[in-house]
Amino acid sequence: MDQKNKNSKKPVYSKFSQQELPAWKPILTPGWVIASYITIGALFIPIGLLAWTASDSVVEIVDRYDEACVPDDFSKNPQSYIQNPNIKKTCTRSIKVPKKLVAPIFVYYQLENFYQNHRRFVKSRSDKQLRDVKAENDTKFCLPIAYDYDNKPIVPCGLIAWSLFNDTYKISTRGKDISIEKKGIAWKSDAKAKFGSNVYPKNFQKDGLIGGATLDESIPLSEQEDLMVWMRTAALPTFRKLYGKINTDIEAHDTIKVEIQNNYNTYKFGGRKKLVLSTTTWIGGKNDFVGMAYISVGGICLFMAINFILLYVFRPRRLGDPSYLSWNRHPIT
Amino acid sequence: MGTGRTKRVHFSKIYSFQCGRRRYDDDGSQIGGPGFSRVVYCNETGGVSEGGQSYYADNYMRSTKYTPMSFFPKSLFEQFRRVANFFFLVTAILSFTELAPYSAVSAVLPLIVVIAASMVKEGIEDWQRKQQDHEVNNRKVKVHRGGGVFESRQWKKLKVGDIVKVEKDEFFPADLLLLSSSYEDAICYVETMNLDGETNLKLKQSLEATSTINDDSSFSNFKAAVKCEDPNASLYTFVGTMEFQGQQYPLSPQQLLLRGSKLRNTDYIYGAVIFTGHDTKVIQNSTEPPSKRSGIERRMDSVIYFMFFIMFLTAFLGSVYFGIVTKNDLDGDRQKRWYLAPDRSDIYFDPNRAPIAAIYHFLTDLLLYSYLIPISLYVSIEVVKVLQTIFINNDIHMYYEEADKPAHARTSNLTEELGQINTILSDKTGTLTCNSMEFIKCSIAGTAYGRGVTEVEKAMAKRMGSPLIVNGRDKYFDDDDNDPSLSVKGYNFEDERITNGYWIHEPHSDVIQKFFRLLAICHTAIPDVDEETGKVTYEAESPDEAAFVIAARELGFEFYKRTQTTVSFVELDPVSKKRVERTYELLNVLEFNSARKRMSVIVKDEDGKLLLLSKGADSVMFARLAKNGREFEENTKKHVNQYADAGLRTLILAYREVTDKEYEAFNEKFTEAKNSVSADRDDLIDEATAEIEKDLILLGATAVEDKLQKGVPECIDKLAQAGIKIWVLTGDKMETAINIGFSCSLLREGMKQITIILESPEIIAAEKEGDENVIAKISKESVKKQILAGKAQLSASTSEAFALIIDGKSLAYALRDSIKNTFLELAVGCASVICCRSSPKQKALVTRLVKEGTGKTTLAIGDGANDVGMLQEADIGIGISGVEGMQAVMSSDIAIAQFRFLERLLLVHGHWCYRRISSMICYFFYKNIVFGTTIFLYEAYASFSGQAAYNDWYLSLYNVFFTSLPAIALGVFDQDVSARFCLKFPLLYQEGVQNTLFRWRRIFGWMLNGLASSVIIFFLCIRALDPEAYNKNGKTAGLEVVGTTIYTCVVWVVNCQMALAVNYFTLIQHIFIWGGIILWYLFLLGYGAMPATISTTAYKVFVETLAPAPSYWFVTLFASIAALIPYFCYNAVQMRFFPAYHGMIQWIRHEGNCEDPEYVQMVRQRSIRTTTVGYTARSIARDNTLSHLNLERQPPK
């Protein structure tokens, strides 16, 4: 008998092999549907309100200066202005502060229609070279900004570094300069792991291959925070990058004066430049969208919940009535 | 050897050797010529070589696809023959060039994973085949070692020229030349079922010259040289000569024993190996089984092509835009986007050569958008199907205890097709019935004997509502179940008037005696006496024949010995009341064939009287009765009709006395006919036999029951309720087929039967004339007319159920091109179709007609070799692993042990598999569209420069790691409703038949859902994160932050979408779905912790930038839920207001209504239409006619 059982091909019974595992078999009952909608609504609307209030508390000042800073003589042809090294590029803007800016105030430059996410641009860098002084010849992906006329490697090489933003801002209010702190604007990991502390700029912006800003050759890359910020390529053609921090409050209704060195050429490609001063809260900068989106989706969910409740009340329907089935309405031939 | 010599019988004389006719015409002359160059030196050690003869293949059999050497190149080649895989190969190669938007390694890795998984699967399958080969190759056979000593040797070591000794019931290890056997005239019986599917035994005989060399020792000096044809595929020809003792002897197929056949009824044979291994005829003859692909997979290919089209289109549009923008970057000397340094650009971005750059960019875009094509879809489907077949094989409800046979899915690529069967084409014998014949009734001398009740009678009684059955405990109904120890296989006869020797008291005891004597003598069975118990068992060509001999034995006419010329049996002497032995001299056997429909023997009894004993079909026998032999004709006919009504197979028994003179004349003519070699030999034999088989005296009729298998009517009922059409294709005669039709409720009384036959007087007249053309023309006209008449009937009434019954002869005309479509229309309109008397080829043709004519999925089920064509032709072939050998099983896709398992196989496994596979494929496209669209949208924001939003490794691991496992879990485990409900609500099956889960609407619906989700995710993320600071430290989101956030949302949405779509959450689902999400975070942690040179943009992206920022989490939460809301709304509305059938059953289960009989009845009744067959429909049809008036009066609730 044992022998027989051993040789038997009878499948072994287990809940798994017989596909009888205990399982949760949820179906979308009216209860579930309404409960889900209400839950989502009840969750989203408060979050939305929270985010919206947070965003509302942020004070943001945006000032577009690219056009305004072109002298009237050149307004037809801003190129000739920006490319002429002999013209002073200083431009002063005065901005009214609508609401009190509480420190820390973040200073950004915003570029528009600037494709930092273009593949040619994104690729054009050498992480090895940035990190390691020995790898300064690793410029394979940096072309065409790889070597100077003497065929010496450019450090940091590549289009990204080469096109470094070079407008500068000086802010003063009530005749008093407000210092903009440039430390701590980059990610720590960049300074620690991506930009070497013993790598110094070399042959940078030389020999007619001048793009954007120059770098102080005595400061190692790991301390060139502007470069680090710039080299975290932006996701979209409209982007802000951190310029610095202001650690003093700016009172409401004050007028701030900004002295801008308008160097960066956005006129060529029809880009725009903006100066942004902004405070932050826990969700970041001013962004009504998140709050509004939360509130509206929450609202839609509540609306759906009500609709469903009404439907269930006014259009009760016998469950499981197969006469609704397509093949019962149109019998198979 | 033992008993060997006791049975040395010269059977060669009693057979007319139909199968072994020599082909004198093409003999000898070609030997040594081209195609006939094989020379075999028998019994030479080392086989072939005398003077450096050519080397022949060894006897090693290889059925594997690959050898260890060829596995890699060949299976790789197989993999890349798939369009999608080839495409990914091309992208992988391109990814090593500058064109690639991602790193080569990350592109190659998923491809390697996918291809490796497929190859591992191939490898495992091939390994299993190798194991089988190994078993066959290591079987042992006795081979002559030299000096008359035989030793056991493995098959694979067999060489051409070896002398082997094969014993009873062993397979021949190679193609052998028969030298001698245990019979003196060196004949042997061979079962060729594996070759041609015929179950009857074939007779082979060696040359006279070698027939005396029949013991081991005589082979020590045996030497012979055989010259013969080269290996070829023809099973029925063999040309050669043997040089033996200085003489040339011609050889014929009569001496050739083919590998794959089996020695039967013969103790041993000696043979010389002629063809080995791959030279053997069976291997030369083997063809690849047709490879079948399911309809779903074909449609899936179309979807993939569609995706390819979308991909090429977007890539094209993208590169046109890219070309234009790139060209604009440089206008003479004026650069626009100077930061891209367009004046110093390489070819890929060169504004001066923008068209070429655009063309290159087109390739880049293709690489980027390749994520629209689910790379892992094929391999996932393969894995899922293998797992599904494991579930099928392990289903305890499809295990047949008695034969110890579980279900066995032989191919794994058709599982979902099981859920879409529109028409089942079923064989009858052995499939619907057991193919075990039981002698149950007989009519002797006009008196009916036998009180057994047949299945059909039971079913009919049930149908009539007979009180006998309602009480259900009648003794006849239980006897065989309660008392299995007493029952004799093949015998279910019960009548106290005859059993236990009481027959001698019956009025016509002399006729009864003759009747049973005839049963004991007129057959070709061979007795096998167990020497210890004295019990006799029989080996017969067919189960019918065995049933007769057994019945005779049980009733006291025990046939126990057959010699070359005699038949001996023990019987009760009515006078002395003692058992006496009788030996009749056997003079001739006039064999049965399908044209003659009868079989006779001529014997000389102990008084020297010559008797012709004959049994045959009623249609031929009644015509051959003598004027004075019709005494019982009327009663017998009546009984025969009753038996046929009860689903029994009947034979008429008759005899005549033959005078010596008559016999001599016959014998001369018969021998002459037998020995003739002309083409009309069969006709001559027929003529000779017809002359003596006449003027017979009727004895009576036998009735044998071909029992329905257990559970067949119930199974058919369920399948019919599921809306599956069932056609019966049988070789049996019309009456039997109709009987079976009734007994399994394929036919019922109310049904209009449309019968198409060719028996009008003019056709019969034409047949007598014998002019083939005239017969064909008239027959065709007649068939056409009948079909059209049937169609007219059909269109006249919409509410009635029709049954179509057509016989083989008419079928031959109905299947002609000109009318086959009309025929199909008629057949499709009928509730049941029964094709009787159909040949194997017709079965296959009908199958093809249904398959191609309706475009629906067909399933053929059968057990015999005659069903092979049908099984291979149908979309799915199911083999019944029953008694008729393995031929059907070997050519089937799935083998089950009993017809009734079909119910579970289709309604449960089929439905599940269909649902799983189709949902899984939809989901795969969905998830890839979600992913691919975000890539596309992002690229649009990057001025179509080919920049991906994601890190290389995010890209490559998406398909393989984060989203595949839940999809596979869905494909393997999901159940919309449990097995119990699948069976309870068979109409659910229609979801598969009508392909509701994989129609274009649903596929595009999922694609649209994917598109919507992806658009929602993308825009929410970029709007929420850019351009403002996204965290408290005033940091703005770079590419890595936005990309990773979008990716996180995609992973969440895709996995939660799976959670919404799944109906059946086991622990496995939870692990895979939530595990996929957790895996993503773990990956992000692990990858981000690697050195910055490896992780590049992902370096510490999670720990440093994302995780501390609340907005990341809020965006994730928001996008995940918002992207799922459209689907959720749709689903909620659909589930509530437009539920599909499975949804409805889920409601019922949920509400607990399934225990409410009235409610369930209401739901189920919907599945019965007037045209439904099966017993439920039958009882409803009856009730309806009874209570028609009542129903009309009652207002609907």
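For the stretch B:245-286, the Cα-based Rg and Dmax, in that order, read 12.6, 37 Å.
Any idea what diffusion coefficient chain A gets from Stokes-Einstein, in µm²/s, Kirkwood Rh on alpha carbon pairs, 10 °C, 1.306 mPa s? Approximately 62 µm²/s, per Stokes-Einstein. The Rg/Rh ratio of the stretch A:115-195, with Rg taken over Cα atoms and Rh as the Kirkwood radius over Cα pairs, comes to 1.11. Counting only Cβ charges, +1 for Lys and Arg and -1 for Asp and Glu, the dipole size of the stretch A:133-209 around its Cα centre is about 400 debye. In units of the compact-protein estimate 2.2 N^0.38 Å, the protein assembly as shown shows a Cα radius of gyration of 1.23. The convex hull defined by the C-alpha atoms of the stretch A:148-255 has an orientation-averaged projected area of 9.0 nm².
Its Kirkwood hydrodynamic radius, worked out from the mean inverse distance over all distinct Cα pairs, puts the stretch B:211-264 at 13.0 Å. With kT/(6 pi eta Rh) evaluated at 25 °C and eta = 0.890 mPa s, and Rh the Kirkwood radius from Cα pairs, the stretch A:203-291 diffuses with a coefficient of 147 µm²/s according to Stokes-Einstein. Cβ-Cβ distance of B:D607 and B:N232, R₀ of 45 Å, FRET efficiency by 1/(1 + (r/R0)^6): the value works out to about 0.25. Round to the nearest 0.05 the FRET efficiency obtained for B:A690 and B:F80 when R0 = 56 Å and r is the Cβ-Cβ distance. For B:A690 and B:F80, the calculated efficiency is 0.30. Packing, as the average of other Cβ atoms within 10 Å across residues, places the peptides B:180-191, B:556-567 in the order B:180-191, B:556-567, highest first. Normalised Debye scattering of the stretch B:951-1043 at q = 0.22, 0.24, 0.25 Å⁻¹ gives log10 I(q)/I(0) of -1.22, -1.25, -1.26, counting only Cα atoms as equal scatterers and leaving out solvent. The Cα atoms of the stretch B:124-180 define a convex hull whose projected area, averaged across directions, is 4.6 nm². Binning the C-alpha pair distances of the stretch B:718-758 at 10 Å intervals from 0 yields a P(r) profile of 24, 57, 19, 1 %, listed from the shortest bin outward. Peptides B:165-176, B:724-735 ranked from most to least packed give B:724-735, B:165-176, packing being the mean of other C-beta atoms within 10 angstrom over each peptide's residues.
Charge tally for B:F322 (other residues, Cβ to Cβ under 14 Å; Lys, Arg +1; Asp, Glu -1): +1.
The percentage of C-alpha pairs in the stretch B:856-1009 whose separation is greater than 24 Å is 53%. With all protein chains kept in place, the per residue accessible area of the stretch B:502-594 amounts to 44 square angstrom at a probe of 1.4 angstrom. Plainly put, the stretch B:246-352 has a radius of gyration that is 1.63 times its Kirkwood radius, both from alpha-carbon atoms, as the Rg/Rh ratio. Counting only heavy atoms of the protein chains and using a 1.4 Å probe, B:V149 has close to 60 Å² of accessible surface.
Rounded to two decimals, what is the ratio between the C-alpha radius of gyration of the stretch B:970-1129 and 2.2 N^0.38 Å?
1.30
Residue by residue, the stretch B:1072-1087 carries 3J(HN,Hα) couplings of 6, 5, 6, x, x, 5, 4, 4, 4, 5, 4, 4, 4, 5, x, 5 Hz when phi is fed to the Karplus relation 6.51 cos²θ - 1.76 cosθ + 1.60 (θ = phi - 60°); x denotes Gly or Pro.
For the protein assembly as shown, with all protein chains in place and a probe radius of 1.4 Å, 55% of the accessible heavy-atom surface sits on carbon or sulfur.
Per residue of B:329-342, other chain Cβ atoms within 10 Å of the residue Cβ number 5 on average. Size descriptors for the stretch B:1045-1089 (Cα atoms only): Rg and Dmax, in that order, 11.6, 38 Å. Here the average projected area of the convex hull drawn through the C-alpha atoms of the stretch B:524-646 stands at 9.7 nm². The distance linking the stretch B:678-755 with the stretch A:114-134 is 83 Å (Cα centroid to Cα centroid, whole angstrom). Peptide A:104-110 is shielded by partner chain Cβ atoms: per residue, an average of 3 of them sit within 10 Å of its Cβ. Short to long, the 20 Å bins of the Cα pair-distance histogram for chain B hold 10, 31, 31, 19, 8, 1, 0 percent of all pairs. With the highest mean first, a sort of the peptides B:218-224, B:1073-1079 on other beta-carbon atoms found within 10 angstrom per residue produces B:1073-1079, B:218-224.
Pairs of C-alpha atoms in the stretch A:73-149 farther apart than 14 Å represent 80 percent of all such pairs.
Please average, across the residues of B:989-995, the number of beta carbons from any other chain that are within 10 Å of each residue's own beta carbon, and give a whole number.
Numbers: counts 0, 5, 2, 0, 2, 4, 0.
For peptide B:989-995, the averaged partner shielding equals 2.
Taking every DSSP beta bridge with both residues inside chain B, roughly what % is antiparallel (nearest 5)? Antiparallel bridges: around 75 percent, rounded to the nearest 5.
Chain B contacts chain A over a buried accessible area of about 9900 Å², both sides summed; the probe is 1.4 Å and only protein chains count.
Quick one: what do you get for the stretch A:1-154 if you divide its Cα Rg by 2.2 N^0.38 Å? If you can, show how the numbers build up before the last one.
On the way: Rg = 33.6 Å, N = 154, 2.2 N^0.38 = 14.9 Å.
Against the compact-globule rule of thumb, the ratio is 2.25.
About its Cα centre, the dipole of the stretch A:172-237 is roughly 220 debye, where the only charges are +1 on Lys and Arg Cβ and -1 on Asp and Glu Cβ.
Between Rg and the Kirkwood Rh of the stretch B:111-228, both from Cα atoms, what is the Rg to Rh ratio?
Ratio of gyration radius to Kirkwood radius for the stretch B:111-228: 1.16.
The values are calculated or read from the model by the stated rules, or taken from the named source; none is laboratory data. Just so it is clear, the model here is predicted, and its values are computed rather than measured. Every residue, glycine as well, gets a Cβ built from its backbone with ideal geometry; the counts of neighbours run over all protein chains shown. Just the protein is used for accessible areas: all its heavy atoms, side chains included, with ligands, DNA and RNA removed. Shrake-Rupley method; radii C 1.70, N 1.55, O 1.52, S 1.80 Å.
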